[in-house]
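The next block holds one structure in the form of structure tokens; read it before the comments.
The values are calculated or read from the model by the stated rules, or taken from the named source; none is laboratory data. Note that the structure is a prediction, hence the values are computed from the model and not measured. Cβ sites come from the backbone with ideal geometry, for glycine too, and all protein chains shown count toward neighbours.
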Amino acid sequence: MNDISSIDREIKWNESDSEQFLQFGKALVPYREKMEKILIDLLFTYSQNEFTVVDICVGGGWLAESILKRYPKSKVIALDGCEKMLNYAKDRLTSCADRVTFKKFDIHKQSWEENLGKVDCFTSILAIHHLNDSEKEMLFKRLYSGLKRKGRFIIADIIKPVTEESRLIAAREWDEIVEEQSMSFYGDLRAYKFFEREQWNIFYYPDPVDKPSILASQLKWLKNAGFRNIEVLFYHAGHALFTGSK
Ligand SMILES: C[S@@+](CC[C@H](N)C(=O)[O-])C[C@H]1O[C@@H](n2cnc3c(N)ncnc32)[C@H](O)[C@@H]1O
């Protein structure tokens, strides 16, 4: 693992981003529950035996919790660059503490995956959009090497729209979904107001921290890395879930 002080220096996502994401994350992500169901379904094939999932940028740990609770033979290696997120996830996952390990890492650094050993699955939810195109392409190759045979890489993330028209469609749809989810989760517009106030919709307000890539390019990089059975299983409001296996 990398030297922690260098991670703190270079991480572009800050503690206040984490605080805000922990507070409203489920309302800010389009149909996160649908994503979760797809992820869980994709892991079923491994569940008869012990298997290990690396959750890249675990955040508050909602996905790790879902995997550990649904699949008693699963183990999760939970990675994040933010101490606050790791502590939050640790608290959340105390009931499964014997099956989860936490590591601080910097996604921008090369070869953070090398000490993990071969694993069954890498999951990356809203994480790799922090990497630019060439960093993503290299990461896909490295993760392919880090998987066991028949292992899987599952990505759910913001996608770069190809045209001006699709950017505006993604922006509008994301706004509409957050408004709808704010009402359904909180009974009021608190999450939507936050989303607007903080200019969270990067399709309207681009932020240099976020470097989404075109979906077709990412599918090509998966193929070039060696992945097969590449498919897109979810797309809403500029967010896609796609996957490939070894
Ligand atoms: C949008 S959140 C997503 C978290 C989680 N996957 C989820 O779906 O709730 C992005 C996560 O990436 C982490 N992160 C941002 N930059 C990072 C970096 N350079 N290295 C490691 N983690 C980073 C943040 O701490 C945060 O937990």
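So here's what we get for this one:
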item	result
Of the criteria (1) near the ligand (Cβ under 9 Å from one of its atoms); (2) of a type in the set (Phe, Trp, Tyr); (3) in contact (Cβ under 8 Å) with a residue 60 or more places away in the chain, which one Trp62 fails	(3)
The stretch 161-208 - residue that is in a loop (DSSP other than H, G, I, E, B) and aliphatic (A, V, I, L, M) and, of those, nearest to Phe24 (Cα to Cα)	Leu189
Qualifying residue in the stretch 47-61 (condition: out of contact with any Phe, Trp or Tyr (no Cβ under 8 Å at 6 or more places or on another chain) and part of a helix (DSSP H, G or I))	no
Those residues of the stretch 170-191 which are among the aliphatic types (A, V, I, L, M) and either surrounded by 18 or more Cβ atoms within 10 Å (Cβ to Cβ) or touching a residue at least 40 places away in the same chain (Cβ under 8 Å) (or both), in sequence order	Ala170, Ala171, Ile177, Val178, Ala191
Boolean, Lys84 is of a type in the set (Lys, Arg), more than 9 Å from the ligand (Cβ to nearest atom) and not in a strand (DSSP E or B)	no
Single unsatisfied condition, Gln110 versus (1) of a type outside the set (Lys, Arg); (2) at pLDDT 95 or above; (3) more than 9 Å from the ligand (Cβ to nearest atom)	(2)
Residue list for the stretch 31-43, filter: away from the ligand (no atom under 12 Å from the Cβ) and in contact (Cβ under 8 Å) with a residue 12 or more places away in the chain	Tyr31, Lys34, Ile38, Ile40, Leu42, Leu43
Scope the stretch 223-238; condition closer than 16 Å to Lys136 by Cβ and buried (at least 22 other Cβ atoms within 10 Å of the Cβ); matching residues	Phe227
Inter-residue pairs, beta-carbon under 6 Å, first part of a loop (DSSP other than H, G, I, E, B) and in the stretch 108-136, second at pLDDT 95 or above and away from the ligand (no atom under 12 Å from the Cβ), 6+ apart	Glu113/Arg142; Glu113/Gly146; Lys118/Lys148
Some residue of the stretch 87-98 being more than 13 Å from the ligand (Cβ to nearest atom), on the phi > 0 side of the Ramachandran plot and of a type outside the set (A, V, I, L, M)	no
